[in-house]
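The structure appears right after this line, and notes come after that.
The values are calculated or read from the model by the stated rules, or taken from the named source; none is laboratory data. Just so we're clear, the structure is a prediction, and the values are computed from it rather than from any experiment. Neighbour counts run over all protein chains shown; Cβ positions are idealised from the backbone, glycine included.
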């Protein structure tokens, strides 16, 4: 009566062996793939470029203007050079912005010189790169293949007649570039028409963040006084300085971080662009400029400002990307969507700035810190903290001050801008010893890594021979 048991047991053992062999084969394949990702050879590398902005002025050095007056540099690396047999080769193409956008050179009819190239983003189709000049308020659209300008605009004067193009990010469909006019306190839009292959500064789309009202009818920019009767009210609608830092674009919305703290969720396709949700600085901290989308989850940061306003900040936020579009809206400080602070460190000398995520079946969020010279790694989607990586441990830089980062197409490394000893922007948080392009090699499926290489950039001040190079913006463009 027990005869069937040995046969069934034998079949079970056979199936168990087959299953084990399948698992072993999968493990070998995954290990081999990981090895290829981490140690990619030149033949395996996708054909791409790494674009980097160097903020140093390139002309106008006099006793009255000892750090120059305008210009800046665009530095472009070929992927083949970055995977040399003996390590990365530091042989980029360097374009002087003062020469390219000279007022009598044919590309610049704005009657103003370009100052301080700050941030870069590549269009979804990889044809164009948007370049924001934070000092002069220009936005250039660069042709990726020719490296020549396709268009140049100067943003509108806003609050106090000021204008700054701090960041210019593409919508996910590539039909527009959303510009954070920082000191002008305006959110602006440049439209792209693929049928005519042309760009237009759409001033009718501009959102005035200093003078608008929220969906609940509250002033966009206001400092709410402390109420003895309602102490919890402080910060609910408090947005004292609505200079936009970065418009983080997702499939549905633009998450606009603010210099004084708080957040606007904006419909970037409406004309004019419309606020659909608003948060006070009791909910979202100030000076955030890192953001990524992972499926329906959006992760943002709050970072350091000036010594006077916000000397240290490291806060990370998680939203669900299900905000409505205009004309629909949510009450101010709505908790209808998932919203939480999933990591915060109130220690001094912290600065959450550059943020990126890895590729693969398990994705990790990397949040870099310019002051602490570390990267905090979190597993997505939950945001569980995995590890802290000391970016000085390899010894290639004792103070890299990693600013912004971009993932390589094959996911084996982050490219990072490393700040210089004379930072042009970012003040105390942005001081670094080794200006250049940093390569952070990714290991363990994205859960770990290290700063493996620094490709130095340099620009010598002709007056005192000091180092002026100060990289900031970075993007990867597939060819």
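Restricting the first member to the range 141-154 and to residues that are at negative phi and touching a residue at least 40 places away in the same chain (Cβ under 8 Å), and the second to residues that are loosely packed, with under 15 Cβ neighbours inside 10 Å and assigned to a strand (DSSP E or B), the beta-carbon pairs closer than 7 Å and six or more apart or on different chains are 150/143.
Residue count for the range 163-190, restricted to those that are more than 21 Å from residue 264 (Cα to Cα) and free of Cβ contacts under 8 Å to residues at least 40 places away in the same chain: 1.
Could you pull out the residue among 314, 339, 368, 378 that is under 17 Å from residue 297 (Cα atoms) and modelled with pLDDT of 95 or more?
Exactly one of 314, 339, 368, 378 is under 17 Å from residue 297 (Cα atoms) and modelled with pLDDT of 95 or more, namely 378.
Restrict the check to the range 411-420 and report whether at least one residue is surrounded by fewer than 22 Cβ atoms within 10 Å (Cβ to Cβ), more than 23 Å from residue 350 (Cβ to Cβ), under 20 Å from the mean Cα position of the chain (by Cα) and touching a residue at least 12 places away in the same chain (Cβ under 8 Å). Yes: one or more hits.
Among the residues of the range 241-262, the ones that are more than 19 Å from residue 312 (Cα to Cα) and free of Cβ contacts under 8 Å to residues at least 60 places away in the same chain come to 1 in all. Scanning the range 301-328 for residues that are over 17 Å from residue 242 (Cα atoms) and part of a strand (DSSP E or B) yields a count of 7.
Among the residues of the range 93-130, which ones are assigned to a loop (DSSP other than H, G, I, E, B) and within 22 Å of the chain's Cα centre (by Cα)? Hits for the range 93-130 are 114, 116, 123, 124, 125, 126, 127.
Any residue in the range 387-403 that is assigned to a strand (DSSP E or B), modelled with pLDDT of 95 or more, under 16 Å from the mean Cα position of the chain (by Cα) and buried (at least 17 other Cβ atoms within 10 Å of the Cβ)?
So far as the range 387-403 goes, yes, one or more of its residues are assigned to a strand (DSSP E or B), modelled with pLDDT of 95 or more, under 16 Å from the mean Cα position of the chain (by Cα) and buried (at least 17 other Cβ atoms within 10 Å of the Cβ).
Restricting to the range 191-216, name every residue that is surrounded by fewer than 21 Cβ atoms within 10 Å (Cβ to Cβ), within 13 Å of residue 270 (Cα to Cα) and in contact (Cβ under 8 Å) with a residue 60 or more places away in the chain. 202, 204, 205, listed by residue number.
Checking every residue in the range 446-459 against the condition of being in contact with a helix residue (DSSP H, G or I) (Cβ under 6 Å, 6 or more places away or on another chain) and over 28 Å from residue 133 (Cα atoms) gives zero matches. Evaluate the following for residue 288: is it buried (at least 24 other Cβ atoms within 10 Å of the Cβ) and more than 18 Å from residue 173 (Cα to Cα)? Yes, satisfied. Checked against (1) surrounded by fewer than 23 Cβ atoms within 10 Å (Cβ to Cβ); (2) at pLDDT 95 or above, residue 451 passes all but a single condition, namely (1).
Only one entry in 223, 227, 253 is in contact with a helix residue (DSSP H, G or I) (Cβ under 9 Å, 6 or more places away or on another chain) and either modelled with pLDDT of 95 or more or surrounded by fewer than 22 Cβ atoms within 10 Å (Cβ to Cβ) (or both), namely 227. Those strands (runs of 3 or more DSSP E) of the range 151-194 in which 1 or more residues are touching a helix residue (DSSP H, G or I) at 6+ places or on another chain (Cβ under 7 Å) occupy 186-193. Scan the range 143-158 residue by residue and report those that are more than 17 Å from residue 191 (Cβ to Cβ) and surrounded by 19 or more Cβ atoms within 10 Å (Cβ to Cβ). Within the range 143-158, 144, 158 meet the criteria. Taken over the range 88-106, the criterion of being farther than 14 Å from residue 71 by Cα and at pLDDT 95 or above is satisfied by 88, 89, 90, 91, 92, 93.
A quick yes/no check of all residues on (1) free of Cβ contacts under 8 Å to residues at least 40 places away in the same chain; (2) surrounded by fewer than 17 Cβ atoms within 10 Å (Cβ to Cβ); (3) closer than 25 Å to residue 97 by Cα:
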{"site": "409", "(1), (2), (3)": "no, yes, no"}
{"site": "434", "(1), (2), (3)": "yes, no, yes"}
{"site": "446", "(1), (2), (3)": "no, no, no"}
{"site": "473", "(1), (2), (3)": "no, no, yes"}
{"site": "476", "(1), (2), (3)": "no, no, yes"}
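For residues that are more than 12 Å from residue 70 (Cα to Cα) and within 17 Å of the chain's Cα centre (by Cα), scanning just the range 131-142, find the one that is surrounded by the most Cβ atoms within 10 Å (Cβ to Cβ). Among residues in the range 131-142 that are more than 12 Å from residue 70 (Cα to Cα) and within 17 Å of the chain's Cα centre (by Cα), the one surrounded by the most Cβ atoms within 10 Å (Cβ to Cβ) is 132.
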